[in-house]
Amino acid sequence: MTSASLHKPHAHAHRRSVALFGGTFDPIHAGHIAVAQAALRRFHLDAVHFIPSSRPPHKTKQALTPFIHRYAMVALACSEHKEFIPSLAEAPPDGTAPHVFYTIDTVRRYRREHPDDHFYFIGGADQFLEIPTWRSYEALLDACDFIIASRPGFRLDALRLVIPPEKLGRTHSNDPNKIVLRKSVVHLLTTVASHVSSTEVRHRLEKHQSIHGLVPGRVEEYILGQALYR
């Protein structure tokens, strides 16, 4: 599938449920895949779009592996799952120089190009707790539903604390893992907990230790073949 075809209006008659999974994916690892699979099952998603960021606004000083490598690893990881789509939505405009993209702009782009789809944004619990620092975060809370991957001991009330009171819906859900907002819903995904992190993978590679099982097999082959993180 070409990058252009990823953004063409679809011809499906039913309203598709699509999750946008953004991140640096430096590298993509088994935990990312486990979260996407759990979300796919629980919310009956039609697709999960993995969106490697060219340059995240909150990581402007962090050295990142070139986008082309991070995208290639995402594409390899997605190749084993028909519902997983590698996205170029936040690719550097000129193909090389890092460019800052904001989540609100990416979500709005998807909504413009696929107005009939129902969108979710997948993120981690710690990531969501920082959402008040994101550009136009109140508009983002209105723009799509959220699937928040939990961590052991994490409580839904912590998410509620960073949501402006005026955004909360007038009705409360009986679901202990759901917060109903006026225009969207925040879901806590508690069915998966992974201790794998991209930082751990990079550190193991720097020490010439095995990363077998921490990343998808094809990603491991790519990393070793390209001598990344050495």
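The values are calculated or read from the model by the stated rules, or taken from the named source; none is laboratory data. Please read all numbers here as calculations on a predicted model, not as lab measurements. Cβ atoms come from the backbone with ideal geometry, glycine included; neighbour counts cover every protein chain shown.
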Next item on the list: Mind listing whichever residues of the range 191-217 are over 18 Å from Arg151 (Cβ atoms), in contact (Cβ under 8 Å) with a residue 24 or more places away in the chain and surrounded by fewer than 16 Cβ atoms within 10 Å (Cβ to Cβ)?
Entry: Glu206, Gly213
Margin query: With the structure loaded, tell me whether Arg170 is under 28 Å from Ala30 (Cα atoms) and either without any contact (Cβ under 8 Å) to a residue 40 or more places away in the chain or over 19 Å from the mean Cα position of the chain (by Cα) (or both) or whether it fails that test.
Written below: no
Next item on the list: Would you mind finding the one in Val180, Val186 that is more than 22 Å from Thr133 (Cβ to Cβ), surrounded by 14 or more Cβ atoms within 10 Å (Cβ to Cβ) and out of contact with any Pro (no Cβ under 7 Å at 6 or more places or on another chain)?
Entry: Val180
Note to self: Here's a check for you: in the range 58-105, which residue that is charged (D, E, K, R) and exposed (fewer than 13 other Cβ atoms within 10 Å of the Cβ) is modelled with the lowest pLDDT?
What the structure shows: Lys61
Item checked: Residues of the range 122-142 satisfying the condition of being more than 21 Å from Arg155 (Cα to Cα) and acidic (Asp, Glu) -> Glu138, Asp142
Next item on the list: Go through the range 129-167 residue by residue and tally those that are over 21 Å from Arg108 (Cα atoms), out of contact with any helix residue (DSSP H, G or I) (no Cβ under 9 Å at 6 or more places or on another chain) and either in contact (Cβ under 8 Å) with a residue 40 or more places away in the chain or of a type in the set (Ser, Thr, Tyr) (or both).
Entry: 1
Note to self: Looking only at residues that are modelled with pLDDT under 95 and touching a Ser or Thr at 6+ places or on another chain (Cβ under 9 Å) in the range 152-168, which one is farthest from Ala34 (Cα to Cα)?
What the structure shows: Leu156
